[in-house]
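Q: Below are the C-alpha cells for one structure; questions will follow.
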Amino acid sequence: MVITIGAAGYGPPAQSSIEVFHGYGSPTAEAVSYLDSPLALQDHGLQHAVQHAVQHPVPTVVYHSPVRPLPPPPRAPVAVPTYFQPGHNFLTATGYGGAELHPLAAGPRAECVAPPAACQKTAAYRTIDGSCNNLRRPTWGMAGTRYARLVPAKYADGVHAPAISVTGQPLPSARAISVVLFPDVPINDKRWTLLTMQWGQIMTHDMSMAMGNTQAKPYSTSCCSEDGSVALPVERAPDVCYPILIPRNDPVFAPYRQGCMNFVRSTTDAMQGCGNGYEPAEQLTTVTSFLDLSLVYGSNQALADTLRERQGGRLIVEVRRGREYPPTNPNKTEVCDGEGPGEVCYLAGDVRVNQNPQLTLLQVLLLREHNRLAGILAHLNPHWDDETLYQEARRINIAQYQFVSYYEYLPLFLGGDNLRRHGILYKAQGHINDYREEVDPSVLQGHATAAFRYFHSLIAGHLDLVEEHRQAYGRLRFSDVLNRPSVLEQGDGLDDLGRGLTTQPEMASDQWFTSEITDFLFRSGRPFGLDLRAIDVQRGRDHGLASYNDYRQFCGLKRAHSFQDFQDQISPENIEKLASLYLHPDDVDFTVGGSLERHVPGTEAGPTFNCMLMEQFYRARVGDRYFFESGNSPNPFSPEQLDEIRKYSLSRLFCDNADNIQNMQPQALNFPAHDNPLTPCDQLPTPDYRAWQEAVAAHRYSPYLGKK
C-alpha cells in the first residue's frame, strides 16, 4: 500500500506520493519520496493523518511517481574545530563570570552602525539602542549590528549563496521536510501552561529580529507568480528572493495549485554597504541583543520618544472602558488584518506587537506595568521629574522581567542545576558581580535561527477563553486571530485569554507542530497560509547556518560519517526519514537535526540546542553591564531593592495589570494544582516599592505601594 497526500489529510492509495524534490526551481525527475517507503506505514504522525482521512475523505492529487536517485559518492567531512570534549560541560564555571567561552567564528569587521561619539562611563541608565553597554566595544549588542556565530558560515559560494548538498545537488525542499518530519500530532505538555510558550516569544522578540523581515505579516516582495503556482524565473525575481518550493501533491497546497511559497532573504552587511563582498555575509538585527524590554520601549531613540507621554514618566496609552491600551498604529491598514475601521491596531516598541493575541496581551501588561511603576514612584518621590520617573520605572520593569526570565522561565527549559553549574543562575542573595567586558552579548545565529525556534512546537492551534473560576467556555482558532488584536478589547477578552494562558497546556516540546502554523499561518481568510516550520528551515539556509553535523562536532558530539552515526541522539525511525530526504549526512540542516535529538534529562531540548541556548543566556547575562543583579553597574540596585525585585513573579504581572483577574496560582507557568493553588491576588508576594523612596519624601504607607 502507498499513501498519497490529499487535500486535507492523507487520502486513499494512489499511484504516487509527495515528492521530496531538491532546490530552487522545478522538481527534477530524481525526486526522493519518503511517503513511498514502507517506513511511512509505521510513522505515528502519518497514522494520525490517515485516521483523519478515513473519517474525512478528500480528493487526491496524483502526479508522476518519483525515482529514487543512486546513493551519493562518499565525501570527506569538512573540518570544524571542536571547542570542548564529549562528556564535558560546555561552560566550566569558576566563580562569578568565570566560565570558559567559545570563541566567535568571525573576526572584527567594519561596523554597520555609527558608534556613539562618546560613552558616559557613569551613565545611570542603559541606552535605548543598546550602545555604550560595553565601554570598550560600544556597539556590542546594539540594534543594527551583526548576529554572532560560533560555527563558521556555510554558503554555497562562500559568500552568500544558500548552501547546497555536499554532492553538488540542491538540498531538499523545506516544505517537504516539514511535511515528512514535523506533522501535526497534538500532544499536550503535562506540566506547563501556554504562558510558558508565550513568554519564550516575548524573550526572543526582545533579543532578535532579522533586518528585512518582520515575522508578523506576509512579505510585500513577491518571489512567486501571481497565482502562486511557480517561482519567478531568477532573471525576473528580486535579488532577495529565495522561495520555498511546494511538492506537486502537497496535502494542503496542491489542491489550490500552489507550487511556490514566498520567502525573502534577510538583509546582510553587504547589502547595507558595510560588508566587503568577499567574506561570508552576516545578517543584521534591528533590535538590541539585551534582555531590556526593547519590545516595550523601542530600539531606537526616535521610536522611544514617540512612545513617551512626557508627563509623570509614563508611556502613551489610549484609555477605553477605563483601561489602558497601547496607542493606535498610524499605519494600521498595513500592519493589522482588521475587517473594519473600528478594529484596533497597536503601536509599541516592536513592530510584531500585533502578531498574535497572546503576544499582544503580554505586551499590554508590560506597558501597564511601566505606568503602574511610574505612578508608585511619583507617589513615593513627588520631587522626581518626568525623566527620572521614566528611567526608574523602566529600570525596575526591566529588572523584574530579567528576574522572571532567568529564575522562573529558564529553569523549566534548561534545568536549574545546569544553569547554576554554568554560572547562569545563582542561589546567592545580594549582588552577583559577574559582568565581563570581554564577552560579546550579540545574539548567536545558532540560537536565534535554529535552537530557540525549536520551541515553535509548543504553540497551540487554539486559544482557550477561561472565566474566573477557571472553566473554559470557548476557544479561538489561532490562524483566525493573527494580526487582529481587537479580540483583547471585545468583552472580557483580555482577562479570558489571560486566564487561558495560565490554565491551558502548551503543546509538548517535540517534533510535532500544529498545522495552524505549518499550513495556515497568516492565511488572512484564505484556505491556506504559510508554513512556519518550512520557513525556519529556509531561514537557516538563508543565514548560512552550518550543518547539523558541524554543530554536533562543535558541541562535543562525534561527527557522523553515515546517517547511522546519528543514532547516539536520533531515533532509527527519524534517521531513516533523514536518509530519504537528504543525500548525505553533512547536508542535514541544523534546524532539522537538532529538533530530532533526544532531550537531555531535565531539559526540553537535545544536546546541540542546549549547547546554543546555554551559551546564549550566559552571554546575555555576563555581557550586560546593566544586568539587574550586578553590583558593578554605574547605578546598581541596593541589596534591599534586589530583595524586593526577587519577590516578583509572572503571577504578579497578571494580578497587577489585567482588567479584573482576581486569583492566580503562585507559579503561573505551572498548572493550578493542590501544591500551586489559585490564590487571591492580594495574598501573593509582591515587592515593597518603598525601597525606592528617597529620604526627602516621607509619605504615609499605602497598600498601593506593595507590601512585604
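Q: Scan the stretch 237-285 for residues that are on the phi < 0 side of the Ramachandran plot and without any contact (Cβ under 8 Å) to a residue 60 or more places away in the chain and jot them down.
A: Of everything in the stretch 237-285, those that are on the phi < 0 side of the Ramachandran plot and without any contact (Cβ under 8 Å) to a residue 60 or more places away in the chain turn out to be ALA237, PRO238, ASP239, VAL240, CYS241, GLY259, CYS260, VAL264, THR267, MET271.
Q: Could you list, in sequence order, all residues of the stretch 108-154 that are open to solvent by less than 50 Å² (accessible area, probe 1.4 Å) and either among the small types (Gly, Ala, Ser) or at pLDDT below 95 (or both)?
A: Scanning the stretch 108-154 gives CYS112, VAL113, PRO116, ALA123, ALA124, GLY130, SER131, GLY141, ALA143, GLY144, ALA148, ALA153.
Q: Here's another thing I want to ask about it. Among the numbered criteria (1) small (Gly, Ala, Ser); (2) within 30 Å of GLY491 (Cα to Cα); (3) in contact (Cβ under 8 Å) with a residue 40 or more places away in the chain, which one does GLY322 miss?
A: Evaluating GLY322 over (1) small (Gly, Ala, Ser); (2) within 30 Å of GLY491 (Cα to Cα); (3) in contact (Cβ under 8 Å) with a residue 40 or more places away in the chain leaves (3) as the failure.
Q: With the checklist (1) of a type outside the set (Phe, Trp, Tyr); (2) closer than 20 Å to SER220 by Cα; (3) more than 25 Å from the chain's Cα centre (by Cα); (4) in a loop (DSSP other than H, G, I, E, B) in hand, flag the one item GLY338 doesn't pass.
A: GLY338 satisfies every listed condition except (3).
Q: Output the qualifying pairs, or none if there are none: Cβ atoms under 7 angstrom, residues six or more apart or on different chains, first residue in the stretch 362-387 and at negative phi, second residue open to solvent by 10 Å² or more (accessible area, probe 1.4 Å) and acidic (Asp, Glu).
A: ARG368/GLU324; GLU369/ASP656; ASN371/GLU324; ARG372/ASP656; LEU377/GLU392; ASN381/GLU694
Q: Something else about it: Within the stretch 466-519, track down each residue that is open to solvent by 20 Å² or more (accessible area, probe 1.4 Å), free of Cβ contacts under 8 Å to residues at least 60 places away in the same chain and within 22 Å of LEU530 (Cβ to Cβ).
A: Across the stretch 466-519, the qualifying residues are ARG477, ASP480.
Q: Out of the stretch 542-568, which residues are closer than 22 Å to CYS611 by Cβ, more than 17 Å from the chain's Cα centre (by Cα) and open to solvent by 10 Å² or more (accessible area, probe 1.4 Å)?
A: Hits for the stretch 542-568 are ASP550, GLN553, CYS555, LEU557, LYS558, ARG559, HIS561, PHE563, ASP565, GLN567, ASP568.
Q: Now a separate question. Is one or more of the residues making up the stretch 222-245 modelled with pLDDT under 95 and either among the hydroxyl-bearing types (Ser, Thr, Tyr) or crowded, with 23+ Cβ neighbours inside 10 Å (or both)?
A: yes
Q: Look at HIS584 and say whether it is farther than 25 Å from ARG265 by Cβ and open to solvent by 10 Å² or more (accessible area, probe 1.4 Å).
A: Details: farther than 25 Å from ARG265 by Cβ: no; open to solvent by 10 Å² or more (accessible area, probe 1.4 Å): yes.
Spelling it out, it is not the case that HIS584 is farther than 25 Å from ARG265 by Cβ and open to solvent by 10 Å² or more (accessible area, probe 1.4 Å).
Q: While we're looking at this one, here's another question. Would you pick out the residues in the stretch 590-612 that are buried (at least 21 other Cβ atoms within 10 Å of the Cβ) and either without any contact (Cβ under 8 Å) to a residue 40 or more places away in the chain or touching a Phe, Trp or Tyr at 6+ places or on another chain (Cβ under 7 Å) (or both)?
A: Hits for the stretch 590-612 are PHE590, VAL592, GLY593, GLY594, SER595, GLU597, GLU604, ALA605, GLY606, THR608, PHE609, CYS611.
Q: Among the residues of the stretch 361-406, which ones are more than 23 Å from ASP496 (Cα to Cα) and β-branched (Val, Ile, Thr)?
A: ILE376, THR388, ILE396, ILE398 - these are the residues of the stretch 361-406 that are more than 23 Å from ASP496 (Cα to Cα) and β-branched (Val, Ile, Thr).
Q: A further question follows. For GLN311, state whether it is polar (S, T, N, Q) and within 25 Å of LEU377 (Cβ to Cβ).
A: It is true that GLN311 is polar (S, T, N, Q) and within 25 Å of LEU377 (Cβ to Cβ).
Q: How many of the residues making up the stretch 619-640 are part of a loop (DSSP other than H, G, I, E, B), open to solvent by less than 30 Å² (accessible area, probe 1.4 Å) and not hydrophobic (A, V, I, L, M, F, W, C)?
A: In the first step, residues of the stretch 619-640 are kept if they are part of a loop (DSSP other than H, G, I, E, B); the result is 623-638.
Next cut, open to solvent by less than 30 Å² (accessible area, probe 1.4 Å) only: 623-625, 627-631, 633, 637.
With the extra rule that they be not hydrophobic (A, V, I, L, M, F, W, C), the set shrinks to 623-625, 629-631, 633.
Residues flagged as part of a loop (DSSP other than H, G, I, E, B), open to solvent by less than 30 Å² (accessible area, probe 1.4 Å) and not hydrophobic (A, V, I, L, M, F, W, C) within the stretch 619-640 amount to 7.
Q: Now a separate question. Which of the following residues is among the basic types (Lys, Arg) and in contact with an Asp or Glu (Cβ under 7 Å, 6 or more places away or on another chain): ARG352, ARG320, ARG308, ARG314? Please lay out each step first, then the result.
A: Values: ARG352 fails: in contact with an Asp or Glu (Cβ under 7 Å, 6 or more places away or on another chain); ARG308 fails: in contact with an Asp or Glu (Cβ under 7 Å, 6 or more places away or on another chain); ARG314 fails: in contact with an Asp or Glu (Cβ under 7 Å, 6 or more places away or on another chain).
The conditions single out ARG320.
Q: Just the residues that are of a type in the set (A, V, I, L, M, F, W, C) and open to solvent by 10 Å² or more (accessible area, probe 1.4 Å), please, taken from the stretch 337-365.
A: Matches in the stretch 337-365: VAL344, LEU347, ALA348, VAL351.
Q: Only one residue in LEU303, LEU295 is out of contact with any strand residue (DSSP E or B) (no Cβ under 6 Å at 6 or more places or on another chain) and buried (at least 22 other Cβ atoms within 10 Å of the Cβ). Which one?
A: Details: LEU303 fails: buried (at least 22 other Cβ atoms within 10 Å of the Cβ).
So the residue among LEU303, LEU295 that is out of contact with any strand residue (DSSP E or B) (no Cβ under 6 Å at 6 or more places or on another chain) and buried (at least 22 other Cβ atoms within 10 Å of the Cβ) is LEU295.
The values are calculated or read from the model by the stated rules, or taken from the named source; none is laboratory data. Only a predicted model underlies this, so the values are computations on that prediction, with no experimental measurement involved. Note that each Cβ is placed from the backbone with ideal geometry, even for glycine, and that neighbours are counted across all protein chains shown. Calculation scope for accessible area: heavy atoms of the full protein, side chains included, ligands and nucleic acids excluded. Shrake-Rupley method; radii C 1.70, N 1.55, O 1.52, S 1.80 Å.
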